[in-house]
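Written below as structure tokens is the structure these notes are about.
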Amino acid sequence: MLPYCLSPDNENRCRQRLGPNLKLYEAKWASVLVCLCSVEGEPSFLFTLRSSMLKGRHKGDVSFAGGKCDPSDKDVVDTALREAREELGVNVVTGRVWGVLKPLRDMSGMMIAPVLANLGPFEELSFKPNPGEVEEIFTLSLSHLCAPQNRGYTHFRIGDKYGYTLPVFRNGKHRVWGLTAVALDHTLKLIVPQ
């Protein structure tokens, strides 16, 4: 069933479901590129480990390539593709974009557009990561991410009370959490048939 996730039929189904979401966005929002790919034929997601030299609280975190819009970006898709070029050194053509998921809001209130794209076979991609932003590029298979033992939840407190719960995905070396895990969770619910 998991190989179906990258099939043309599933891509068309996802594109139809995501189509209306682009109208929800304003060009000035930040974007992340949620990257599907295949590794030796197995459906996977591509992640970055943010540089530990970055400023701010997200240094060293697992993330998708992304960032704030530039004045030259025409929309949130443009922002995500430009950020992938700048961070990963990879050119993703618009035709690889399946659509835009519903907006996410970070802790500062910034609105973020998760843009879903299928980059194709990982073995055929050539990366030139920006060392100032990216420490590592890695993939996690769809089967790994869907396995119950690799999924969990983190409960956050606000003061002395329960605040909210977010998904977390475990891997031996890295853990996917925060907004990246939320975008991943939403994507999995979309692309993996129930």
| Using Cα pairs under 8 angstrom and six or more residues apart, how large is the relative contact order of segment 2-191, in percent? | 25
| query | Taking amide hydrogens as modeled 1.01 Å from N in the peptide plane, which residues meet the under 5 Å criterion relative to GLY89, leaving out close sequence neighbours? | reply | LYS128, ASN130
| remark: Per the 1/(1 + (r/R0)^6) rule, R0 = 25 Å and r from the Cβ atoms of ARG17 and TYR153, FRET efficiency to 0.05 is 0.50
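Using 0.36 nm per residue, how much length does the chain from GLU136 to GLU40 gain when fully extended, once their Cα-Cα distance is taken away?
Values: separation 96, 0.36 × 96 = 34.56 nm, distance 1.97 nm.
Gain on stretching GLU136 to GLU40: 32.6 nm.
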| request: Would you order LEU81, LEU22 from fewest to most other beta-carbon atoms within 10 Å of each residue's own beta-carbon? | output: LEU22, LEU81
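Using DSSP to define loop residues, name the trypsin sites (Lys or Arg not before Pro) in segment 28-118 whose beta-carbon has at most 15 other beta-carbon atoms within 10 Å. Before the final figure, lay out the partial values.
Numbers: sites: LYS28, ARG50, LYS55, ARG57, LYS59, LYS68, LYS74, ARG82, ARG85, ARG96, ARG105; in loops: LYS28, LYS55, ARG57, LYS59, LYS68, LYS74.
Listed in order of number, the matching sites are LYS28, LYS55, ARG57, LYS59, LYS68, LYS74.
Do you know the relative contact order of segment 95-194, to the nearest whole percent, from alpha carbon pairs under 8 angstrom that are 6+ apart? Don't skip to the end; give the middle numbers.
On the way: 98 pairs, mean separation 17.3, N = 100.
Computed over segment 95-194, the figure is 17 percent.
Please arrange PHE47, PHE138, PHE156 by counting, for each residue, the other beta carbons lying within 10 Å of its beta carbon, fewest first.
On the way: PHE47 24, PHE138 14, PHE156 9.
Starting with the residue having the fewest Cβ neighbours, the order is PHE156, PHE138, PHE47.
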| query | Under the definition of Cα pairs under 8 Å and six or more residues apart, what whole-number percent is the relative contact order of segment 67-149? | reply | 25
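Exposure proxy check: THR139, THR79 ranked by fewest other beta carbons within 10 Å?
Working: THR139 17, THR79 28.
Starting with the residue having the fewest Cβ neighbours, the order is THR139, THR79.
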| 13 Å cut-off, amide nitrogen to a point 7 angstrom out along ASN171 Cα→Cβ, residues in segment 109-146 | 135-146
| said: Compute a Gaussian network model of the chain, connecting alpha carbons closer than 10 Å, and tell me which residue from TYR25, TYR153, TYR162 fluctuates the most. | reply: TYR162
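Dipole of the chain, Cα-centred, from +1 at each Lys and Arg C-beta and -1 at each Asp and Glu C-beta, to the nearest 20 debye? Could the numbers behind the result be given before it?
Values: 24 positive and 21 negative charges, 143 e Å.
Value, rounded to 20: 680 debye.
If R0 is 30 Å, what FRET efficiency do you get for LYS189 and GLU123 from their C-beta distance, rounded to 0.05?
In this case the efficiency is close to 0.60.
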| Karplus-derived HN-Hα couplings along segment 166-179 (A = 6.51, B = -1.76, C = 1.60, θ = phi - 60°), whole Hz, x at Gly and Pro | 10, x, 9, 10, 9, 9, x, 8, 10, 10, 9, 9, x, 5
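A short reminder: the numbers here are calculations on the coordinates, not readings from a lab. What you are looking at is a predicted structure, and each value in this text was computed from that prediction instead of being measured. FYI the Cβ positions are ideal-geometry reconstructions off the backbone, even for glycines, and counts take in every protein chain you see.
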